[in-house]
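The values are calculated or read from the model by the stated rules, or taken from the named source; none is laboratory data. Predicted, not measured: the structure shown is a model, and the values here were computed from it. Methodologically, a virtual Cβ is constructed for each residue, glycine included, from the backbone with ideal geometry; neighbour enumeration extends over all protein chains shown. Only protein heavy atoms, including side chains, enter the accessible area calculation; ligands, DNA and RNA are left aside. Shrake-Rupley method; radii C 1.70, N 1.55, O 1.52, S 1.80 Å.
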Amino acid sequence: MDFKSINGGQETLCIKVNKVYDWVTRQVDVPLLAFNASDLAAGTIVFDCDGITPGDDPCAVLGGNFTVECFATDETGTPVDPLAPGSILCQEIPQPEGRASGQFQLPDGSTVTLQKVKVLKKGFVVVRITNPNGLSCTTGPIPWAVSEKFFLCAPPGTFLQCEITDFECDANLICRAVTTTPGEFEFQQLDVSINLCQNVQMEALVKLEITADFCQPRPDMPFVCPPLAFPPQCPTVFPGPGPSPA
């Protein structure tokens, strides 16, 4: 089937779209999350060791040989894709006096007026420690947050559009040997480091006049129904030989 252009040419169109006023990328390092033995005793950091009681000390349960992994979760501890929209909160921090403006000099010597935009990012991670026997200890959801400021073209009426493009979480568990009991270990410290990359854009919904062609659907792909196929019969047993002629 052939498709013809509407009216056969370009037309002037009015469309409503999000216009990008500014766009930057940045790597951010979340301040190190460090937990010591006092935090473990106070319940600031909690471990679940496969139902073992008491299981609050992963070093005592797992020994000194283990692997550590860290991954993004929601507030209940369910793993999430950190790059999926909404998995990590990223929003503008309102400023009482609005976005402050400042003059900045460009490499060519000209000046430009930009606005200060404060951005908050926050989420949760879980750390899982596993020993060679397959026994594991898992923390509860650990909250993290980081705030940043950007100088962007962000006039009144624009809004923040934030996208996480890369996420890394690394954890390091330090156990120390119990001097009074050889072969046993106790919790000393857990360090969690989080790094992420982000796209930060300032956008506004605008109406634009453009000259363009109307889009047309592509031809549908032909589909031919396959021929009907019947299972082979067993004529020697069914329906069997016909009656003998008289």
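Data overview
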{"item": "Which numbered condition Leu205 misses (of (1) loosely packed, with under 14 Cβ neighbours inside 10 Å; (2) without any contact (Cβ under 8 Å) to a residue 60 or more places away in the chain; (3) not polar (S, T, N, Q))", "result": "(2)"}
{"item": "Options Val61, Val30, Val68: the member that is among the hydrophobic types (A, V, I, L, M, F, W, C), under 30 Å from Lys116 (Cβ atoms) and either at pLDDT 90 or above or open to solvent by less than 90 Å² (accessible area, probe 1.4 Å) (or both)", "result": "Val30"}
{"item": "Filtered residue count, the range 1-27, keeping only those that are at pLDDT below 90, of a type in the set (Asp, Glu) and open to solvent by less than 90 Å² (accessible area, probe 1.4 Å)", "result": "1"}
{"item": "Entirely in the range 78-143, the strands (runs of 3 or more DSSP E) that have 2 or more residues that are among the aliphatic types (A, V, I, L, M) and out of contact with any Phe, Trp or Tyr (no Cβ under 6 Å at 6 or more places or on another chain)", "result": "111-130"}
{"item": "Residue match in the range 71-79 (condition: touching a Leu at 6+ places or on another chain (Cβ under 8 Å) and not aromatic (Phe, Trp, Tyr))", "result": "no"}
{"item": "Residue count for the range 70-124, restricted to those that are under 23 Å from Leu32 (Cα atoms) and β-branched (Val, Ile, Thr)", "result": "7"}
{"item": "Subset of the range 138-186 (residues that are of a type in the set (Val, Ile, Thr), surrounded by fewer than 18 Cβ atoms within 10 Å (Cβ to Cβ) and touching a Ser or Thr at 6+ places or on another chain (Cβ under 8 Å))", "result": "Thr165"}
{"item": "Scope the range 33-44; condition among the aliphatic types (A, V, I, L, M) and either open to solvent by less than 60 Å² (accessible area, probe 1.4 Å) or assigned to a strand (DSSP E or B) (or both); matching residues", "result": "Leu33, Ala34, Ala37, Leu40"}
